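The values are calculated or read from the model by the stated rules, or taken from the named source; none is laboratory data. Computed from a prediction, not measured in an experiment: that's the story for all the values here. Glycine also receives a Cβ, built like all others from the backbone with ideal geometry; neighbour counts cover every protein chain displayed.
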Amino acid sequence: MERKEFLNMVGISVGAIVLQHCISGCSSKSDPTPIVPPPAGGGGGAVTGITGNADAGKAIDFVLDLNDKNFSILKDNGKGKIVGSVIVARAKNGTFVALSNACTHQQTQVEYREANDDFFCPNHSSTFDLTGKVTKSPAPTNLKAYKTTFDSVKNTLTVKE
Ligand code: FES
């Protein structure tokens, strides 16, 4: 094999490895939870299964219908859902948690992690416990926690300040 052929082969192999690493690295940071925008005008809008306001620009006060396909993921323990400016999770022990979803470091949207039963910022790896308390910096302050009330008869979750 000539030197030029060898260098071409090595260059292709290194490029393939770098590309594969980038693809796997990028995909591991994506949040698998779909984002549900806040309802238009705070009154339900085009998104089914939610009434009220989930936009932090006004007081947080909304109700989720867990029978609706948009929020049925929260029927299961260890799942999370972005709802406007809030992240709602049903922890592994079944309790509901609702926190502001903007990391207090640089406002990156946080994710719920089932494996750790906590919240994670994919930007600089800050973590928060189920109360919103910072457990790993650089986030300087806790996430804001909202009150949750679950109606097991109607299968609805109320979230408010
Ligand atoms: S934006 Fe969340 S840790 Fe930096």
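Quick rundown of the values:
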quantity: Residues being out of contact with any Pro (no Cβ under 8 Å at 6 or more places or on another chain), hydroxyl-bearing (Ser, Thr, Tyr) and under 17 Å from ALA145 (Cα atoms) - total across region 57-113; calculated: 3
quantity: Filtered residues of region 119-136 (kept if touching a residue at least 12 places away in the same chain (Cβ under 8 Å) and either of a type in the set (D, E, K, R) or not in a strand (DSSP E or B) (or both)); calculated: CYS121, PRO122, ASN123, HIS124, SER126, LEU130, THR131, GLY132
quantity: Positions within region 134-161 being surrounded by fewer than 13 Cβ atoms within 10 Å (Cβ to Cβ) and more than 14 Å from the ligand (Cβ to nearest atom), in sequence order; calculated: LYS147, THR149, ASP151, SER152, VAL153, LYS154, GLU161
quantity: Residue ID - nearest to the chain's Cα centre (by Cα), chosen from residues in region 119-133 that are near the ligand (Cβ under 10 Å from one of its atoms) and exposed (fewer than 15 other Cβ atoms within 10 Å of the Cβ); calculated: SER125
quantity: Candidate set from region 101-118 (those that are near the ligand (Cβ under 10 Å from one of its atoms) and in contact (Cβ under 8 Å) with a residue 12 or more places away in the chain); member that is surrounded by the most Cβ atoms within 10 Å (Cβ to Cβ); calculated: VAL110
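Results for (1) surrounded by 15 or more Cβ atoms within 10 Å (Cβ to Cβ); (2) at pLDDT 55 or above, shown as yes or no for each residue.
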residue: ASN8; (1), (2): no, no
residue: LEU19; (1), (2): no, no
residue: ASP55; (1), (2): yes, yes
residue: PHE71; (1), (2): yes, yes
residue: LEU74; (1), (2): yes, yes
residue: GLY84; (1), (2): yes, yes
residue: GLY94; (1), (2): no, yes
